[in-house]
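Taking it in order: structure first as structure tokens, then the write-up.
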Amino acid sequence: MDSELLTTENSEQEKSSPQPDQPPEHQPPQKTQTEVGTDTTTSKDPPSPQYRDEKIGTNQDSEPTVIIATQPGPTVINARIEKSGDYYLTLSIILTVICCCCGIWDSLFCTIPAIFFASAARDAESRGEYDKAISRGRVAFFLNIAACVWWLITVIIIVIAAVTSALTNN
């Protein structure tokens, strides 16, 4: 009876023996014999990785070669992003346009240099020279104030001249 059991187990093992075409993970579990008359089935755990003796992945000593490919680590960039100041550039341009449209040309002696100082302040800020940017921005501001005052004085003089000429003609 023991010989019949052994022959049936051998014939089952031959039927379920791994086929050369089948990868190891798709093979059915094999029966092993520990004692005569008892058999156990291997667990359904995934098979441990086995190295095949092929030309790909082996070195001259026929030992498996392990290739580890790593990605570069994350690059950390510390950037200081600040909102760029206008430094009264917009005000300088608006005052220049108003002075040109109204015909008050004497205020242009203040507004055009104010445009240059405001642009210089923005350039100094972009280079990181914050002290120069602030000082040039202040100069642009005071030139714009001077242009406004000069414009108001000129308008007042023109109004007074127009009123006096109208009164003297009557």
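Each of L89, L167, L95 was scored by other Cβ atoms within 10 Å of its Cβ. Listed from fewest to most, they are L167, L89, L95. Relative to a virtual label point 7 Å from the Cα of S84 in the Cα→beta-carbon direction, which members of the range 119-134 show backbone nitrogen distances below 16 Å? Residues passing the 16 Å test: 119-130, 133-134. When each of T111, T168, T65 is scored by the number of other beta-carbon atoms lying within 10 Å, the sequence from fewest to most is T168, T65, T111. Extension gain for the segment D123 to I158, taken as residue separation times 0.36 nm less the Cα-Cα distance, is 8.7 nm to one decimal. Seen from D123, the other residues with C-beta closer than 12 Å to its C-beta sum to a net charge of +2, counting Lys and Arg as +1 and Asp and Glu as -1.
The calculated pair-distance distribution of the range 89-169 uses every alpha carbon pair, bins of 10 angstrom beginning at 0, and gives 20, 38, 22, 12, 5, 2, 0 percent. Note on the range 89-169: with charges restricted to the Cβ of Lys and Arg (+1) and Asp and Glu (-1), its dipole about the Cα centre is near 60 debye.
Where a number appears in this text, it was derived from the coordinates with a stated rule and is not lab data. Note that the structure is predicted; figures quoted are calculated from it, not measured. Cβ sites come from the backbone with ideal geometry, for glycine too, and all protein chains shown count toward neighbours.
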